[in-house]
Amino acid sequence: SPSGRSGLSQSVRMALVVLVVATAAAAAGARAAAAGRCVVSQEMRFEWRLADGGDALNVTVTWARPGDWVGIGWQPAGSDARGMFGADFAVLDFADGDDVPRAADRSFDAQGDGMRPPVLDAAKGGRDDLYDVHYAATGGTATFSFMRKLDTGDTAADNAIARGKTVVLWALGASPDFEYHRDERGTVLLDFVAGGECAPLKWP
């Protein structure tokens, strides 16, 4: 009957709505739960996870030399660039040898000037987009954690973090002040949004 067809059509529509909502919820849940861990050297590792409903990245760096600066950076997703040029960084150091840690959002855009450290985002007309920053040192181990929106909206200095293979750079200093890292640096390949394992890459 017409009413029967109408009832069936309404049931199908309701089922489709439920399916779409459930699929979207599952996708959002999977995105929010994405996480990974990467051991980059005998003295340094980092973990990451998506937070704030999948809109932000939470990174925790652990290293074996409290008091020495540490940094982690990333190229845009999908880029095959392995060097510092064009990368976005989060760096923790101890300015002027002070015991008080200082975390900063930095970037590197001086092509051909590989010995110059990444500059503060504010120096490029951007802003510092790190938040919920924490530092702790216990015995011979230090941790530095921070949050950052996947897309900060800071087009002057930040790379948006998106799904896809991403080149991540890391460095460990040999002093409190942020200066040249010498050979304690490297690159790995991972997907911040999908989570999973990381793979080492050859430094350029």
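The values are calculated or read from the model by the stated rules, or taken from the named source; none is laboratory data. This one's a predicted model, so the numbers in the text were calculated from it and none came from an experiment. A quick note on method: Cβ atoms are made from the backbone with ideal geometry, for glycine too, and the neighbour counts reach across all protein chains shown. Heads up: the accessible areas ignore ligands, DNA and RNA and are worked out on the full protein's heavy atoms, side chains in. Shrake-Rupley method; radii C 1.70, N 1.55, O 1.52, S 1.80 Å.
Just to confirm a number: summing +1 for Lys and Arg and -1 for Asp and Glu over residues other than TRP69 whose beta-carbon lies under 11 angstrom from that of TRP69, what do you get?
-3
How many nm separate the modelled label positions at LYS124 and THR60, each set 7 Å beyond the Cα in the direction of the Cβ?
In this crude label model, LYS124 to THR60 measures out at 2.9 nm.
Go through the range 48-57 residue by residue and turn each phi into a ³J(HN,Hα) via Karplus (6.51, -1.76, 1.60, θ = phi - 60°); whole Hz please, and just put x for glycine and proline.
9, 7, 7, 9, 6, x, x, 8, 9, 10
Taking the highest mean first, how do the peptides 144-152, 188-196 order by number of other beta carbon atoms within 10 angstrom per residue?
Ranked from most to least packed, the peptides come out as 144-152, 188-196.
How large is log10 I(q)/I(0) at q = 0.14 Å⁻¹ when the Debye formula is applied to the Cα atoms of the range 73-204, each weighted equally and without solvent?
Cα-only, vacuum Debye calculation for the range 73-204: -0.65.
Counting only protein chains, not ligands or nucleic acids, how are VAL168, VAL119 ordered by accessible area (probe 1.4 Å), most first?
VAL119, VAL168
Compute the label zone of ASP96 within the range 174-197: residues whose backbone N is under 18 Å from the point 7 Å along Cα-to-Cβ.
Under cut-off, by backbone N: 176-179.
Name the residues whose placed amide hydrogens come within less than 5 Å of the amide hydrogen of ALA56, ignoring near sequence neighbours (fewer than 5 apart) on the same chain.
Sorted by chain and number, the residues that satisfy this are ALA51, LEU150.
Can you work out the FRET efficiency for the pair LYS202 and TYR180, with r the C-beta to C-beta distance and R0 = 22 Å, to the nearest 0.05?
About 0.65, to the nearest 0.05.
Give the accessible surface of the range 42-182 per residue, rounded to a whole number of Å², with probe radius 1.4 Å and ligands, DNA and RNA excluded.
45 Å²
With every protein chain kept in the model, how would you rank CYS38, CYS198 by accessible area, 1.4 Å probe, largest at the top?
CYS198, CYS38
Among rounded, prolate and oblate, which fits the range 165-204 when a ≥ b ≥ c are the square roots of the eigenvalues of its C-alpha gyration tensor, a/c under 1.5 means rounded, and a/b larger than b/c means prolate?
Since a/c reaches 1.5 and a/b is larger than b/c, the shape of the range 165-204 is classed as prolate.
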